[in-house]
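Here is the structure we will look at.
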Amino acid sequence: MDTGAWYALLDKKDPDHARVADAFRAYRSRLVTSNHVFDEAVTLARYRLGSGVGHKLGTELREQCVARVERVTPKDEAAAWSIFEQRRDKRYSFTDCTSFVLVQRLSLPVCPAIGSDFRSFGLHCLPGLS
């Protein structure tokens, strides 16, 4: 699950909230997110929605209540850096690149991600997202 999806799920005023919430409810498998996404998501939630929301999300992710937090390894980071360097024509963040690598390493069938970056990389996103 990417940062944008976490944020849209939390912020009821976000234009993507309803479709992310629907996709989240419909998804029946265990969610996976990364430690890089954890960092982005709790920080963004804290800055935009307040420290209470950021803390709650962080606590739930740390306790792995809503998703398994998978650590990005040094090997993953090296592979992500290669993608980041090679795909300069795209606006992929480094965190997105680590997520691409993680999805491939774990053979995850779908990505709960908003936006076109995950699709443009060739990953299958949840219906209704991207």
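The values are calculated or read from the model by the stated rules, or taken from the named source; none is laboratory data. These numbers come from a predicted model, not from an experiment. Glycine gets a Cβ as well: all are built from the backbone with ideal geometry, and neighbour counts include every protein chain shown.
Within the set Val42, Val66, the sole residue that is at pLDDT 95 or above and in contact with a Leu (Cβ under 9 Å, 6 or more places away or on another chain) turns out to be Val42. When each of Thr59, Thr95 is tested for being in a helix (DSSP H, G or I), polar (S, T, N, Q) and farther than 14 Å from Asp2 by Cα, the lone residue that passes is Thr59.
Out of Ala113, Ala67, Ala79, one residue alone is over 13 Å from Gly4 (Cα atoms) and touching a residue at least 60 places away in the same chain (Cβ under 8 Å). It is Ala67. When you look at Ala18, is it hydrophobic (A, V, I, L, M, F, W, C), over 13 Å from the mean Cα position of the chain (by Cα) and either at positive phi or at pLDDT below 95 (or both), yes or no? So Ala18 passes the test. Pairing each residue of segment 10-23 that is without any contact (Cβ under 8 Å) to a residue 40 or more places away in the chain with any residue that is outside any loop (DSSP other than H, G, I, E, B) and of a type in the set (Ser, Thr, Tyr), provided the two are 6+ apart or on different chains, yields C-beta distances under 9 Å for Asp14/Tyr7.
Restricted to segment 6-35, and to residues that are crowded, with 19+ Cβ neighbours inside 10 Å and touching a Phe, Trp or Tyr at 6+ places or on another chain (Cβ under 8 Å), which residue is nearest to Thr98 (Cα to Cα)? Across segment 6-35, the extreme among qualifying residues is Thr33.
In segment 81-116, the residue that is modelled with the lowest pLDDT out of those that are of a type in the set (Asp, Glu) and more than 18 Å from Asp39 (Cβ to Cβ) is Asp89. Is there a residue being closer than 26 Å to Ser107 by Cβ, in contact with a Cys (Cβ under 8 Å, 6 or more places away or on another chain) and surrounded by 13 or more Cβ atoms within 10 Å (Cβ to Cβ) anywhere in segment 45-66? No; the residues of segment 45-66 include none that is closer than 26 Å to Ser107 by Cβ, in contact with a Cys (Cβ under 8 Å, 6 or more places away or on another chain) and surrounded by 13 or more Cβ atoms within 10 Å (Cβ to Cβ). Take the residues in segment 98-130 that are part of a helix (DSSP H, G or I), of a type outside the set (Ser, Thr, Tyr) and in contact with a Phe, Trp or Tyr (Cβ under 9 Å, 6 or more places away or on another chain); name whichever of them is surrounded by the fewest Cβ atoms within 10 Å (Cβ to Cβ). Only one residue tops the list, namely Val103. Taking segment 1-51 and the helices (runs of 4 or more DSSP H) fully enclosed by it, the elements with 1 or more residues that are among the aliphatic types (A, V, I, L, M) and under 24 Å from Glu77 (Cβ atoms) are at 3-10, 35-49. Pairs meeting the criteria (first residue in segment 32-46 and free of Cβ contacts under 8 Å to residues at least 60 places away in the same chain and at negative phi, second residue among the aliphatic types (A, V, I, L, M) and in a helix (DSSP H, G or I), beta carbons under 6 Å, at least 6 apart or on different chains) are Phe38/Leu61; Val42/Leu57; Ala45/Leu10; Ala45/Val53; Ala45/Leu57.
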